[in-house]
Amino acid sequence: MRPAASSAFLSLGLIATPVAAQQPMSPATAAVPAAVDDGDELRRTLAAERQVLDRQQRALDEQRARIDRLEARLSGRGEGGTQVAQTALPPGGVPLPASPPPAPPPGGTQVQTVGEAPSDQRQVQVAVLSEQGGIITKAGRATVEVNFEYARADRNQVVFRGVQIPEAVLIGVFDINESRQDVLTVGTVGRLGLTSRLEINGRLPFVYRSDKSVLAPVANPAEPNAGQLDRPVSGANIGDVDFGLRFQFTDGNNGAPYLIAGLQAVAPTGTDPFRVRRDALGNALKGATGAGFWAVTPNLTAILPSDPAVLFATLGYTYNFARTINRQIGAAFIERVAPGSQPSASAGIAIALNPRTSISFGYAQTWALGTKTRVRALNQTTQELGDAMTAESRDLQIGRLLFGVSYRTSPTTTLNWNVEVGATDDAADVRTTLRIPFTFNAY
């Protein structure tokens, strides 16, 4: 072989030797790169799935929080489980904005912001607004209320007929009159929300009344009790039923007050004072439990929540319908009686002491215009009637100081106690009322 050919074969051998020296790869060894690639893909897929799961969990948490807030509004509780405090009354109901709760421990319940309005201002009640009521009852919700009321009035009057000499020397005849009146009323009140703004209501009272009067005409100083008459009378029966409707104009948004207009009517279902038995002098022998007249009262109530208090004010006007009597009472024949109208107003404030208890203060004034009576004098001998004449009584100024306490026992029940103290001579000395409303879904 020639040297050139040997060198060529040697070169080919050197080139082929490394290639031939490489051993073939086993199947397990060949699969390693593919397994590595699959693991990375699985990790990426797992991370993506975790992100989707986290997003879904956050959405569930937000949905649960919304459900909790809706349940809190339905049960009358503020955010963070803090129950919204109610004002004293009433009635009526409308809970006050709750006072800021103490700071919770780390990770605890969320603190309500100072000045933040409650989640449902419709629950605000002011106890001293027992007659007007608070915010309109929700649509489909009904309230049945039992109330107990006691009123006491004392009247002392001394009438002098004669001549007065200076320096308090009196010569003549005195008529000393004293009267005491106690009235106990047990009433049932019903309210039903027809819509979110319209409510109807009604009240059925049962009245027990006791009147004691003393008339002591003192004409002879030697016999100071001569002619003294003591006339106690009492009566128990259904009182005058009232019913009406109320409409809420505003929702109290943006710091505006709630404005509620109402129209109440009173039916003379109680014992008629002109039909009770009387003696020959015209003195009643039984106490009347009604006024004897139809009446209608339009009113307007404003309620302004201002954490932690509620301001309120009312305006009203009662119109009493005249009535023909045509009955002899004593020595007079009563033809027709027209009670005077009664404009009224009240205002006050209710303050939350804690999430369950609140107190309220206020003042109410009623101006009762004089009653006009058309009467004829009756001649006791001939039994003939004289000419008709019209007599008008004086106006009455009835002022009352208001105080109330409210304690919420559950989301559907509140104890409301309020007291009215007479601030003028014409007002009753004291009137106190305990109201217990129960709220439920009617439909």
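The values are calculated or read from the model by the stated rules, or taken from the named source; none is laboratory data. Please read these numbers as outputs of a predicted model, since none were measured by experiment. Positions of Cβ are backbone-derived with ideal geometry, glycine not excepted, and every protein chain shown enters the neighbour counts. Accessible surface is based on the protein model in full, side chains and every heavy atom, while ligands, DNA and RNA are left aside. Shrake-Rupley method; radii C 1.70, N 1.55, O 1.52, S 1.80 Å.
Points worth noting:
- Cα pair count fraction exceeding 13 Å, expressed as % - region 263-309: 69 percent
- Counting only protein heavy atoms and a 1.4 Å probe, region 326-423 has 52 square angstrom of accessible area per residue.
- Bridgeable lysines around K286 (alpha carbons under 21 Å apart, same-chain partners fewer than 8 residues away excluded): K212.
- For region 44-51, 3J(HN,Hα) per residue [Karplus equation, 6.51 cos²θ - 1.76 cosθ + 1.60, θ = phi - 60°, Hz, x = Gly/Pro]: 5, 5, 4, 4, 5, 5, 4, 4
- Reference-scaled alpha-carbon Rg (2.2 N^0.38 Å with N residues) for region 343-417: 2.10
- Accessible area of region 318-414 belonging to carbon and sulfur atoms, whole % at 1.4 Å probe: 57 percent
- Under 5 Å, built H, 5+ apart or other chain: amide partners of G287: S234, G235
- Here the Karplus relation 6.51 cos²θ - 1.76 cosθ + 1.60, evaluated at θ = phi - 60°, turns the backbone of region 303-310 into coupling constants of 10, 10, x, 8, 3, x, 10, 9 Hz, with x for every Gly and Pro.
- Förster radius 60 Å - calculated FRET efficiency between T381 and V296 (Cβ-Cβ, nearest 0.05): 0.85
- When only alpha carbons of region 305-359 are considered, Rg and Dmax amount to 21.8, 62 Å.
- Relative contact order of region 305-387: 30 percent, from C-alpha pairs under 8 Å at least 6 residues apart in sequence.
- When peptides 57-69, 305-317 are ranked by their average number of other Cβ atoms within 10 Å per residue, the highest-first order is 305-317, 57-69.
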